[in-house]
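Structure record follows, encoded as structure tokens.
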Amino acid sequence: MPVQKRSLNILDLLAVVVELRELVGSILDKSYRMGESLLLRFRKGPEKYFVIANSHRFGLTSYILEHGAEGVSPLRKLIEDSRLGGIELLNFDRVVKLTLDEGYLVVELLEPWNAVYVGGDGLIKWVLRSYRGKDRVVNVGLEYKPPPQSFVNPIGNINDIMTALRNYDTVGRAIARGLGLGGEVANEICARASIDCSSPVNSIDINSILSVVNQLINTINNGFLEPTIYYSSGLPITVTPIKFLSIKYDEVRQFRKFNEAVDEYFHEVEIREESQRRLVSVTGEIAKLEKSIDELMINIENFRRGSEELRTKAEVLLNWKYVIEELLGVLRNYWSSYKDEFQELIKGMEYQGIKVKGFIPRNKVVTLDIGGITVSLPLNADVGDVINELFNRAKELERKAKSAEEAMNKLRERIEELKLESERLSASVRESSVRVIYGAREWFERFRWFITTGGKLVIAGRDATQNEIIVRNYLKPWDLFVHADIPGAAAVIMKLRGPNEEVSEEDLLEATRYAASYSRAWVMGLSVLDVFYVRGEQVTKKAPSGEYLGKGSFMIYGNRGWVRNVELRLGVGVRVDHINDTALVRLITAPPEAIGALTNYYVVIRPGSKDKNEVGRAIYEEFKGRVPGLARVVNVDNVVETLPGPSIIEGVFNGNPMPWDEIRRKALW
């Protein structure tokens with residue numbers, strides 16, 4: 001299998017930065033440490049985007065791996081609520097610079113990777129890890145110096161480039177090291193230039209190489225991307241911003257955005273790393289147990305072999321017992337009469353089929369060959385005792401073999417337990433990898449929304465700005481515009497597919513209940529409210545002559561339909577969708593009649609006297625106890641934001657949500 005890509009190269013980072021320029025003007029409102037990663041949260045209007053930086057990558061992410069990302073307090077004080085003024089590669093190196101209000105944040109995707117915040121005075125105010133090398137020192141209070149480069153900028157001075165490339169023996173090394181583009185890009189450039197990477201530099205036209213380099217850089221700079229993940233034997237092996245010709249693969253998967261492809265690819269890399277980290281103790285114990293099993297298997301084999309040999313000797317002695325006793329008697333007589341000549345006398349001696357092979361005078365032990373079996377016996381031995389001793393020793397070795405086998409089986413059982421534990425740990429890593437939906441939502445999710453029991457999409461503004469947006473951009477002439485009969489209420493739109501689509505009483509009641517609930521009436525503690533509705537063609541932002549309409553205000557012309565005494569009640573729920581073993585968590589609000597078909601768990605609330613923060617905390621705790629990993633992507637503030645005001649919780653319920661694809665289909669218009 002090809003070597004798996006472990007970090008982004010310079011062209012990858014260029015593509016990431018090109019896409020991230022869409023975030024310029026957004027607010028950096030949170031910074032976190034997430035294991036070995038730095039996580040930055042940007043807010044652009046109602047949208048929220050997470051940018052991750054670690055040893056592998058820099059770019060947008062929709063995955064949270066660690067339990068409870070921790071805030072980086074010193075950095076937070078310096079950068080939070082700063083506006084992103086720009087993002088660029090520093091010196092065309094694997095170093096990203098994010099320009100903020102009072103300074104800039106640098107992410108060095110080198111070894112070791114680092115993050116540094118530099119103030120407007122050019123001095124370092126915060127550093128992820130202090131560093132001292134032969135070329136520079138990175139620490140708080142010092143002037144920031146970018147990492148030294150051992151290559152030339154591929155879009156720099158042509159003479160410098162030519163000189164640098166000629167210092168290398170092969171084309172591949174010249175591109176990878178001399179231009180700092182890395183091996184993967186070097187192979188691709190050679191493929192596009194129809195040159196063998198192993199060719200000597202002085203044998204090719206360098207201009208043809210530089211032409212391909214510039215073409216690749218310009219393609220990426222202009223945003224003409226084909227984000228692709230390549231797979232071999234079912235496993236991802238690399239990710240590129242444009243389709244590479246030089247990569248051998250079994251299959252590919254293409255993405256709309258390169259940041260999405262990078263996120264998907266390196267998420268799998270990080271999942272495996274996190275699993276391995278958590279499994280260190282388990283795999284270590286398994287390795288020790290397997291070593292013990294190997295040793296036991298050798299011991300068992302030795303015990304059984306020894307037992308078999310002893311039993312064989314005992315049986316031979318038993319079968320030849322009387323002959324052996326006669327022979328020993330003869331040998332004892334020889335010993336008592338001819339000690340000095342004993343060795344010569346018995347040498348080569350054979351007695352009724354038993355051969356005498358040797359004698360050890362010091363121990364008075366004679367060695368016999370009985371039918372090919374060698375047995376050593378003391379000259380004065382009682383053959384019966386020797387037989388018993390051999391059988392007993394054979395039994396003892398059999399007992400040891402059995403005990404060792406039992407111990408080995410227990411070790412194997414323990415290994416199976418540990419393997420199951422490792423599978424659970426690996427699964428828990430994936431389960432804890434909750435996918436955030438901020439920045440990667442359906443178009444309607446930027447607003448309040450729900451699907452009626454009749455299958456119609458209803459959207460509502462979260463504030464005056466969104467009220468303005470949905471009326472200007474999403475209200476069609478045939479849609480229903482719904483509004484509570486009170487100043488300070490959400491603009492609510494029921495999306496219809498045409499002027500002839502019918503609206504049931506149930507759908508209308510749900511839309512009007514939503515409008516009533518998200519109005520000032522809730523804060524006032526009212527329990528019922530009148531709500532009107534009109535067609536979209538009756539709503540306009542054009543004020544009568546001489547008058548002015550403020551943000552979120554509209555003129556209504558023609559007859560209005562009314563639903564009187566609409567009860568204020570609201571469902572607040574949490575929905576969990578699983579995509580590729582990853583959980584996507586959403587908070588959704590809807591009328592009580594509709595919320596159960598949209599969420600896994602929900603509460604029903606009505607106007608009350610309990611502070612919305614207290615109620616939000618209670619709802620959050622209810623959801624947190626039911627949804628693993630909720631705390632990593634949803635906090636109390638997110639829940640509080642869904643509440644119209646002081647409330648009372650009527651109850652907590654289980655929902656039966658329709659598939660997300662079905663919601664997406666119903667939201668088409």
Lys125 - accessible surface, heavy atoms, 1.4 Å probe, Å² rounded to 10: 80 Å²
Once the convex hull of the alpha carbons of the chain is built, what does its volume come to per residue, in cubic angstrom? 309 Å³
Along the charge dipole of segment 292-391, pointing to its positive end and built from +1/-1 on Cβ of Lys, Arg, Asp and Glu, which listed residue (Ile370, Ile293, Ile387) has its Cα farthest out? Ile370
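Computing the accessible area with a 1.4 Å probe over protein heavy atoms, can you report the carbon and sulfur percentage for the chain? Mind showing how you got there, number by number?
Values: 15110 of 32250 Å².
Solvent-exposed carbon and sulfur of the chain make up 47 percent of the total.
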Output the pairs from Lys30/Lys125; Lys77/Lys97; Lys291/Lys419; Lys5/Lys257; Lys257/Lys495; Lys357/Lys400 with a Cα-Cα distance over 26 Å in this structure; if there are none, say none. Lys257/Lys495; Lys357/Lys400
Taking θ = phi - 60°, what integer Hz values does the Karplus form 6.51 cos²θ - 1.76 cosθ + 1.60 yield along segment 520-535, in sequence order, with x for Gly and Pro? 5, 4, 5, 5, 6, x, 5, 9, 9, 7, 7, 9, 10, 8, 9, 6
Could you report the accessible area of Met555 in Å², rounded to 10, computed with a 1.4 Å probe on the protein chains as they sit in the structure? 40 Å²
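Considering only protein heavy atoms, what per residue accessible area in square angstrom results for segment 171-268 with a 1.4 angstrom probe?
Working: 4210 Å² over 98 residues.
Each residue of segment 171-268 exposes 43 Å² on average to a 1.4 Å probe.
With every protein chain present, what is the per residue accessible area of segment 473-629 (1.4 Å probe, Å²)? Before the final figure, lay out each step's value.
Numbers: 7200 Å² over 157 residues.
I get 46 Å² per residue for this part.
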Enter the accessible area of Glu567 (Å², nearest 10), with the probe set to 1.4 Å and all protein chains included. 90 Å²
What relative contact order, as a whole-number percentage, does segment 308-403 give when Cα pairs under 8 Å and 6 or more residues apart are counted? 31 percent
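Taking the Cα centre of the chain as the origin, how large is its charge dipole in debye, to the nearest 20, when only Lys and Arg (+1) and Asp and Glu (-1) carry charge on their Cβ atoms? Could the numbers behind the result be given before it?
Values: 89 positive and 91 negative charges, 227 e Å.
Rounded to the nearest 20 debye, it is 1100 debye.
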Straight-line reach from Lys395: which lysines have Cα under 21 Å away, leaving out those fewer than 8 places along the same chain? Lys313, Lys321
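Given Cβ point charges of +1 (Lys, Arg) and -1 (Asp, Glu) and nothing else, what value in debye, to the nearest 20, does the dipole of segment 580-665 about its Cα centre take? List each step's numbers first, then the result.
On the way: 10 positive and 11 negative charges, 11 e Å.
Computed charge dipole of segment 580-665: roughly 60 debye.
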How high is the relative contact order of the chain, in percent, counting Cα pairs under 8 Å that sit 6 or more residues apart? 9 percent
Taking the Cα centre of the chain as the origin and placing charges on Cβ (Lys, Arg +1; Asp, Glu -1), which of Val563, His56, Val330 is farthest toward the positive end of the dipole? Val563
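Helix-only estimate, please: 222 nm mean residue ellipticity of the chain, summing -39500 (n - 2.57) across DSSP H runs of length 4 or more and dividing by its residues, to the nearest 500.
So the calculated ellipticity at 222 nm is -12000 deg cm²/dmol.
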Among Ile237, Tyr265, Asn221, the residue whose Cα sits farthest towards the positive end of the charge dipole of segment 220-277 (+1 at Cβ of Lys and Arg, -1 at Cβ of Asp and Glu, taken about the Cα centre) is Asn221
Note down the magnitude of the dipole of segment 630-669 about its Cα centre, charges +1 on Lys and Arg C-beta and -1 on Asp and Glu C-beta and zero elsewhere, to the nearest 20 debye. 200 debye
Treating only the Cα positions of segment 27-139 as identical point scatterers, give the base-10 log of I(q)/I(0) from the Debye formula at each q in 0.17, 0.21 Å⁻¹. -0.82, -1.29
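How high is the relative contact order of segment 31-161, given as a whole-number percent (alpha carbon pairs under 8 Å, six or more residues apart)?
Numbers: 218 pairs, mean separation 17.7, N = 131.
Here the relative contact order equals 14 percent.
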What's the angle, to the nearest 10 degrees (0 to 90), between helix 206-221's Cα axis and the longest principal axis of the chain? 60 degrees
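The values are calculated or read from the model by the stated rules, or taken from the named source; none is laboratory data. Predicted, not measured: the structure shown is a model, and the values here were computed from it. For neighbour counting, all protein chains shown are included, and Cβ atoms are generated from backbone atoms with ideal geometry for every residue, glycine included. All accessible areas refer to the heavy atoms of the entire protein, side chains included, with ligands and DNA or RNA removed. Shrake-Rupley method; radii C 1.70, N 1.55, O 1.52, S 1.80 Å.
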